[in-house]
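What follows is calculated from the coordinates using simple rules that are stated; it is not laboratory data. Since this is a predicted model, take the numbers as computed values, not measurements. All Cβ positions, even for glycine, are placed from backbone atoms using ideal geometry, and neighbour counts span all protein chains on display.
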Amino acid sequence: MAFSSNSGGGAMADINVTPLVDVMLVLLIIFMVTMPIQSVPVDVDLPQKTDKPPENPKEPPDPIELRIDAAGQVFWNNTPTPVSALQQMMRNEVDRDPTNQPELQIDTNEAAEYGILAKVLTAAKNAEMVKIGFVQN
């Protein structure tokens, strides 16, 4: 319908956008076809299947319970511990058996400062702990 029913009775002044949409779709298809597909291979080392089970599977050690309360005090297995001593304590746990580390379970109070948690995580990273979990209450 090219005519409007307004009081002027004249032709509608709107542009017909159907040809414009058709041209845009054709251009889109041309660009999609002519654009080279870029693929970057990613090397992934997947474990290989073995028929024999692992020899003497080790029992995992007891987890380390690390709690940070609202006042910023850190507790290592319910024992108050200064933040400065955490890295050495974590390093001692890792050095016992680097292939079978205990899990570090971190429980923080909602009101605890993030800076204390950041120091704990930095100490864990520097001590090369790989099993870190967060306890959710």
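Computed quantities for the displayed model
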read-out	value
Cβ-based net charge around Asn126, under 15 Å, with every Lys or Arg adding one and every Asp or Glu removing one	0
Mean shadow area of the stretch 64-134 over all directions, Cα convex hull, nm²	4.1
Within-12-Å neighbourhood charge of Val74 [Cβ basis; K, R +1; D, E -1]	-2
Cross-link reach list, lysines versus Lys119, counting only Cα pairs under 27 Å and skipping chain neighbours closer than eight places	Lys131
Dipole moment magnitude, nearest 20 debye, the chain about Cα centre, only Lys, Arg, Asp, Glu C-beta charged	200
Total charge dipole magnitude, the stretch 64-134, about the Cα centre, Cβ charges on Lys, Arg, Asp, Glu only, Debye to nearest 20	180
Label-point separation in nm, Asp107 to Asn77, each point 7 Å along Cα→Cβ	1.6
Using alpha-carbon coordinates, inclination of helix 86-96 to the longest axis of the chain, degrees	80
Dipole axis of the chain (+1 Lys, Arg; -1 Asp, Glu on Cβ), positive-most option in Thr50, Asn126, Thr34	Thr34
